[in-house]
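The values are calculated or read from the model by the stated rules, or taken from the named source; none is laboratory data. A quick note: this is a predicted structure, and the numbers were derived from the prediction, not measured. With ideal geometry, Cβ positions are generated from the backbone for all residues, glycine too; neighbour counts draw on all protein chains shown. The accessibility values were calculated without ligands, DNA or RNA, using every heavy atom of the protein model including side chains. Shrake-Rupley method; radii C 1.70, N 1.55, O 1.52, S 1.80 Å.
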Amino acid sequence: AVVRRCGQPEVYGVVALGTLTTGLISGNRPLSRAGQRISAGLIVAGFTTTSLKLIVGRRRPFGGEEQYDFNPFSTSTDAWPSGHTTTAFALAASLSDEIGSTPVTIGLYSLATLTGWSRMNDNKHWLTDVVAGAAIGVTSAKLMNGRWRVFGISAPRFLLEPSGGAGLAWSATF
């Protein structure tokens, strides 16, 4: 039951916004910037997953349908990719990069993996839903914290380094 909750808003929202708010209230700029990066990774992951669910329209296993049943652009409950798994992995990757401790990283990714397992165990998702969710979550977090570039696109500059002024820089290399 605990791992099932790792992909829900009351967990990832509290962690992301709590980190950001604590940093802002305490005046701890590195902590507030960490909160920004964590929040940005979760937002990108959530937007990507929600968009793909709508476009792909894969049916969930509990409906008695086969894993290759699709109904694109439907308003029904869609499975691919797993949203709980996406957010669990986005949070795990973000926190792991911010904390930088191997034992913590192992623990966070283990919790995220168990969240994905619980989605399959509860007959809510297929294995490929969970794998896709994990990939989207990690990629979104790594992109937003500046650890990776995806298709030559780097993280927004305000998430990576203090500039001293207001503004936003985003770059892509081709």
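Filtered by the rule that a residue be among the small types (Gly, Ala, Ser), modelled with pLDDT under 80 and either farther than 16 Å from Ala90 by Cα or in contact with a strand residue (DSSP E or B) (Cβ under 7 Å, 6 or more places away or on another chain) (or both), the stretch 1-54 gives a lone residue, Ala1. Residues that are among the polar types (S, T, N, Q), within 29 Å of Asp129 (Cα to Cα) and open to solvent by less than 50 Å² (accessible area, probe 1.4 Å) within the stretch 20-54 comprise Ser39, Thr48, Thr49, Ser51, listed in sequence order. Restricting Ser110, Ser94 to those that are assigned to a helix (DSSP H, G or I), modelled with pLDDT of 90 or more and more than 13 Å from the chain's Cα centre (by Cα) reduces the list to Ser110.
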